[in-house]
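Peer 1: Take a look at the following structure, please.
The values are calculated or read from the model by the stated rules, or taken from the named source; none is laboratory data. In this text the structure is predicted, and so the values were computed from the model without any measurement. Glycine also receives a Cβ, built like all others from the backbone with ideal geometry; neighbour counts cover every protein chain displayed.
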Amino acid sequence: MTEAKAQPKVLLAADRQTPRWRKALPFFGLVLLTWVLSRLDLREMAAALGRVTIGTLLLSGGAFTLNSSIKAFRWHRMLVAQGIALPPKVTIAAFLSGAFYGQVTLGRVGELFRVEALIERGVSTGAALASSVLDRLLDVRSCSATHRSQRSRSASC
């Protein structure tokens, strides 16, 4: 007889209790954003935003969506390479949640919230943390490579 491998218990969103500090995190981000905006010259900011065309907004929104999709797919493939088999919907939701919290926390520390989603699904803490840290390091590496190539092109012109 073959034994069925025990599947880790999956917690549904309705079954989870969200900690208070996590509920307050977006509020903290908004307070920080309000403080930063209060330090800016609002007339100058409004004039600058008024010069942005709808086409530019659509192009930047599309580029942002494409970039996020590619990064979510990359993270999903990293998980598969680690032997962590989760449905793409789960990894995309965890990635986007981490991206949101990364925007509202200092130093993009909130991106580590995707670790929580993996741990809830039975992934070891070490493997979950390693996947997120490696993904972040790949981002930093690609940004520094892009910066270096732009600098060498401008120096050669």
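Peer 1: Can you tell me which of (1) at pLDDT below 90; (2) crowded, with 17+ Cβ neighbours inside 10 Å is the one C143 doesn't meet?
Peer 2: (2)
Peer 1: If you scan the range 68-93, which residues turn out to be more than 15 Å from A127 (Cα to Cα), exposed (fewer than 13 other Cβ atoms within 10 Å of the Cβ) and of a type in the set (A, V, I, L, M, F, W, C)?
Peer 2: The one that is more than 15 Å from A127 (Cα to Cα), exposed (fewer than 13 other Cβ atoms within 10 Å of the Cβ) and of a type in the set (A, V, I, L, M, F, W, C): I70.
Peer 1: Go through the range 47-58 and give me each residue that's of a type in the set (S, T, N, Q) and surrounded by 10 or more Cβ atoms within 10 Å (Cβ to Cβ).
Peer 2: T56, the sole residue that qualifies.
Peer 1: Identify, from the list G107, G55, the residue that is within 26 Å of F28 (Cα to Cα) and without any contact (Cβ under 8 Å) to a residue 24 or more places away in the chain.
Peer 2: Just one listed residue meets the conditions, G107.
Peer 1: Can you tell me how many residues within the range 1-46 are surrounded by fewer than 10 Cβ atoms within 10 Å (Cβ to Cβ), modelled with pLDDT under 70 and aliphatic (A, V, I, L, M)?
Peer 2: The qualifying residues number 6.
Peer 1: What do you reckon, is L96 surrounded by 14 or more Cβ atoms within 10 Å (Cβ to Cβ), at pLDDT 90 or above and aliphatic (A, V, I, L, M)?
Peer 2: yes
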